[in-house]
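The values are calculated or read from the model by the stated rules, or taken from the named source; none is laboratory data. If you're wondering where the values come from, they're calculated on a predicted model, not measured in any experiment. Note: ideal-geometry Cβ built from the backbone for every residue, glycine included; neighbour counts use all protein chains shown. The area values use the complete protein model at the heavy-atom level, side chains included, leaving out ligands, DNA and RNA. Shrake-Rupley method; radii C 1.70, N 1.55, O 1.52, S 1.80 Å.
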Amino acid sequence: LFAQSLIKSTILTIANPQEVGDLVSLEVISSSGKLTARLESGKPILGIEIKATGNIGEEQGSADLTDENDIEILEKEAQTLIACNIKDMLVASQTTFDCDILDFNDMLYKHDYSNFEKIKDNWNALYRSADIGVQVQFEISRTGIIKKPAYSN
């Protein structure tokens, strides 16, 4: 859904960077995905780029997560989580389901028809072995209502 810009809103749960075993919930408030596909020497070069923004929605624990370093850690963890989920989906589509579920072949057909015609009969095998690059950019725009903790342990 991230790759196809179909996420309206969702919650990501990641580890609290200051308190081991506790979690932080990030609310994704906007996201956009971009698919890229081109052929080089008859080999597909495929990619997915995701840009998303969110807020800190909830925190387990009593740490102050408004520090810039903690925000950067949370953003990197969110990027990693989204990228790993997309990569897992891609591996499943290439191996388990043997299906181009994101329709990279349609992109090649529309944007590079003459070259796609040369490889279309072999597309399933080419897709199965294609290396698909995934780039995710996640930015926390606000800390929501999370400020300094009301209590400390």
So C99 and N85, fully extended at 0.36 nm per residue minus their Cα-Cα distance, gain in nm 3.3 nm
Of all the accessible heavy-atom surface of the chain, with the other protein chains kept in place and a 1.4 Å probe, what percent is carbon and sulfur? 48 percent
Listed residue pairs exceeding 19 Å between alpha carbons, taken from K43/K110; K8/K51; K34/K87; K51/K120: K51/K120
Restricted to Cα positions, what overall size does segment 1-82 have along the principal axes? Three whole-Å values, descending. 54, 24, 21
Which Cα, out of F2, V136, C99, lies furthest along the positive dipole direction of the chain (beta carbon charges, K/R +1, D/E -1)? C99
Residue-wise, which Karplus ³J(HN,Hα) couplings in Hz belong to segment 96-103, taking 6.51 cos²θ - 1.76 cosθ + 1.60, θ = phi - 60°, and x for glycine or proline? 5, 9, 6, 8, 7, 6, 9, 6
Treat every Asp and Glu Cβ in segment 62-145 as -1 and every Lys and Arg Cβ as +1, leave all other atoms uncharged, and give the resulting dipole magnitude about the Cα centre to the nearest 20 debye. 460 debye
Fully extended, how many nm does the chain gain between R142 and S9 (0.36 nm per residue separation, minus their Cα-Cα distance)? 46.4 nm
Taking amide H positions as placed in the peptide plane 1.01 Å from N, state which residues far from V136 in sequence (5 or more) or on other chains have amide H under 5 Å from it. I50
Scan the chain and report its longest stretch carrying no chymotrypsin sites (Phe, Trp or Tyr not before Pro) that are both in a DSSP loop and have at most 12 other Cβ atoms within 10 Å. 1-96
Want the number for E117 to L1: 0.36 nm per residue separation, take away the alpha-carbon distance, what's left? 38.9 nm
Calculate how large, on average over all directions, the projected area of the Cα convex hull of the chain is; give the answer in nm² to one decimal. 10.3 nm²
Rolling a 1.4 angstrom probe over the protein heavy atoms, how many square angstrom per residue are accessible across segment 1-133? 56 Å²
